[in-house]
Amino acid sequence: MSLSTPTPPSRGLYNLKVHAQFCSAHALRDYPGDCRRLHGHNWKVETEVEARVLDDIGIAIDFKAIKAATRQLADSLDHRFLNDIEPFDRINPTAENLAAWFYRQLSATLNSAQVNVAAVTLWETDTACVRYSEVAA
């Protein structure tokens, strides 16, 4: 098989993942503890994209595309007070809501006939994270 021959379809699933980081602060509205006060995190976001087929050179989607989209969103939150940024000026800037926001924004950018965003995992500390995905209706 030459390098230019498309990889035959299989029943396999490719999961591609990239990480990005950002630092930001938030205050959780109506939270019954210390997190209701202004505090910050060194966040890490993992974007997971899935594909069933590869292109002519054996790539599902270029990692550069996933990294660029993830970094662009992370950069938009970096060194910011999340409560002041749309939509977190209206909805609580919890890790759960942030993960869902990343997922939906990245899906709008990256999803195609060949690939789709499978999940976003967001860490607010090294030991605490949330993974968000959506099930097709």
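Read-outs throughout are calculated quantities, based only on the coordinates presented, and are distinct from any laboratory measurement. Remember, predicted model here, so these are calculated numbers, not experimental data. All Cβ positions, even for glycine, are placed from backbone atoms using ideal geometry, and neighbour counts span all protein chains on display.
For Asp75 and Lys17, calculate 0.36 nm times their separation in residues minus their Cα-Cα distance, and state this gained length in nm to one decimal. Kindly include the intermediate steps, with their values, before the conclusion.
Details: separation 58, 0.36 × 58 = 20.88 nm, distance 1.81 nm.
Extra length available between Asp75 and Lys17 comes to 19.1 nm.
Restricting attention to the stretch 68-116, which trypsin sites (Lys or Arg not before Pro) occupy a DSSP loop and are surrounded by at most 14 other Cβ atoms within 10 Å?
Working: sites: Arg71, Arg80, Arg90, Arg104; in loops: Arg90.
Filter output for the stretch 68-116: Arg90.
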Excluding residues fewer than 8 positions from Lys67 in its own chain, the aspartates and glutamates with Cα under 20 Å of it are Glu46, Glu48, Glu50, Asp55, Asp75, Asp78, Glu124
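So for the chain, what percent of the C-alpha to C-alpha distances run longer than 17 Å?
Numbers: 5727 of 9316 pairs.
In whole percent, the long-distance tail amounts to 61.
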Spelling it out for Ala60: with amide H atoms placed in the peptide plane at 1.01 Å from N, the residues 5 or more places away or on another chain with amide H under 5 Å from its amide H are Asp55
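At 0.36 nm per residue, minus the direct Cα-Cα distance, what do Lys67 and Asn111 gain on full extension? Give it in nm, one decimal, please. Working shown, then result.
Numbers: separation 44, 0.36 × 44 = 15.84 nm, distance 1.40 nm.
Extra length from Lys67 to Asn111 when fully extended: 14.4 nm.
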